[in-house]
Amino acid sequence: MLNRAQRRPPLPRRQRGVILMIALIVLVVMTLAALALLRSVDTATLVAGNVAFQQSAAMSGDAGIEAAVADLVASSTSTASPTAPYDLDGTSYAGNAVPGATAGYLANGLNPQYYAPDSASVSPATWTALWTYLSGLGLTKTLPADSAGNTVSYVIHRLCTTTGSPTSAGMSCVTSVSGGASSSSKGAGSVSLFGSTQVYYRITARTQGPRGTVSFVQAVVAM
């Protein structure tokens, strides 16, 4: 009987669950790492998408620049009264909300960083604020939305301080002289240079795209 009792297998020792706790901790760490990786991939995709939308908006802005240049060319060669699409001197728009201005064109826009909401105040403005002011007065011109879902608007500022012909007395326009038969210099009090005078125009195109994308593109042309 004593020998049989001695052959009984020993009772199993109580399990403490240490391995289970370690496995749970490792599982939690792996889950958090997977979530962080997933969030990182989503953020990278979102950033790449936003960059693509911004580039698309900037490229669409070129369409606004080209449309504005075409309008300027048509206006400079037109013999209609007022010239179409724009009266470049701005005298035909004297009675408009902003004298010398019409949809898409301002004949006196030398300093567009300042705008006057009324005749008694002049306030500094960003281009966004200036655009809000001009579009509210109907002074921007909007093109149909393109295939990328971008809507382009533009406005042309003639770089003069007032309306009227740039060759009139007292006018202050940013000008250049295109080629002539002879050369000369332009100094204070000197006579006009040989050749024809070209006036500078600043074109600002604003693109509104998907996901609230906004892009401004500018160009300066002489005509």
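Since every read-out is calculated from the coordinates, none of them should be taken as a lab result. The structure presented is a predicted model; accordingly, all values stated were derived computationally and were not measured. All Cβ positions, even for glycine, are placed from backbone atoms using ideal geometry, and neighbour counts span all protein chains on display.
Under 11 Å from the Cβ of residue 153, count the other residues' Cβ atoms, weight Lys and Arg +1, Asp and Glu -1, and hand me the total.
Net of charged neighbours comes to +2.
Rank the residues 171, 223 as a footprinting-exposure proxy: fewest other Cβ atoms within 10 Å of their Cβ go first.
Neighbour counts put them in this order, fewest first: 223, 171.
As an exercise, use a Förster radius of 30 Å and the Cβ-Cβ distance of residue 165 and residue 74 to find the FRET efficiency, rounded to the nearest 0.05.
0.95
Considering only the other residues whose Cβ falls under 13 Å of the Cβ of residue 218, what net charge follows from Lys and Arg at +1 and Asp and Glu at -1?
+1
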